[in-house]
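First up is the structure itself, then whatever we jot down about it.
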Amino acid sequence: MRQLPNLITVFRIALVVPTGWCLAYGDYGTALLLMAIAGGSDAVDGALARRYAWTTPFGAFADPLADKLLIGVTFLILLLQGHVPLWVAAIVIARDVVIVGGVMLYSLLIERIDIAPTFISKANTAVQIVMLILLLVQLLDAAILSPLAAWLVDPWGFALVGLLGIASGLDYVITWSYRAFRTSRSSS
């Protein structure tokens, strides 16, 4: 049972391919359903891991990776389809590339790093997911919901995703640069 949260995380990673496929072929309803399943399973695996102390190094690495893969693929496909502005997708993807690159460099040059998302990073991921869900609702052309979703997505959702992406990216860069500076000074 201890590995159940990890199995759920692997399932979430496996959902990236069919979600991307549905998005690429304009099946936004199924893509929305798959994203909802991924979001629900994310909540379940996190709750199980915390409640029963079933945390593992694999889970600490794979859980945020599952989120980043699903969000990144979704933003990229919706960008290519013209539903997301380039600047928004660039912020989302560049932030994740900078963070992953920073973690790799820090681990290689300084010390092993334990991945621990900050509050602003969690808020950033939550807003990205909500914005993508609203965008998919907009693309479904549902009578009442789609116009409301469209109003929330552009410009408000895009602006919030951009601002939180920049703020959380800077938070990581500043925090870990300072930590690297302190660590290198104390070891000299």
For the chain, build the charge dipole from Cβ charges (+1 Lys, Arg; -1 Asp, Glu) around the Cα centre, then report which of Val17, Ala43, Phe75 sits farthest towards its positive end. Ala43
Once each part is reduced to its C-alpha centroid, what is the distance from segment 143-188 to segment 17-51 in angstrom? 22
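Taking the Cβ of each residue in Thr9, Thr183 as the centre, tally the other Cβ atoms inside 10 Å and list the residues starting with the fewest.
Details: Thr9 25, Thr183 15.
Placing the least packed residue first, the sequence is Thr183, Thr9.
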On each of the three principal axes of the Cα atoms of segment 4-186, give max minus min coordinate, whole Å, ordered largest first. 61, 36, 25
Using a Förster distance of 22 Å, how high is the FRET efficiency between Ala90 and Ala150, based on the Cβ-Cβ distance and rounded to 0.05? 0.50
Can you tell me the dipole magnitude for the chain around its Cα centre, using point charges on the Cβ only (Lys, Arg +1; Asp, Glu -1), in Debye to the nearest 20? 660
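Order these by the 10 Å Cβ neighbour count, fewest first: Met1, Met104, Met131, Met35. Mind showing how you got there, number by number?
Numbers: Met1 7, Met104 11, Met131 25, Met35 21.
Final ranking by Cβ density, sparse to dense: Met1, Met104, Met35, Met131.
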Evaluate the distance, in nm, between pseudo-label points positioned 7 Å from the Cα of Arg50 and of Ala167 along their respective Cα→Cβ axes. 2.1
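Want the number for Val98 to Thr183: 0.36 nm per residue separation, take away the alpha-carbon distance, what's left?
Values: separation 85, 0.36 × 85 = 30.60 nm, distance 2.04 nm.
Here the answer is 28.6 nm.
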For the Cα atoms of the chain, what angle does the longest principal axis make with the long axis of helix 57-80, in degrees from 0 to 90, nearest 10? 40
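Since every read-out is calculated from the coordinates, none of them should be taken as a lab result. Since this is a predicted model, take the numbers as computed values, not measurements. Here the Cβ is made from the backbone with ideal geometry for all residues, glycine too, and neighbour counts use every protein chain on show.
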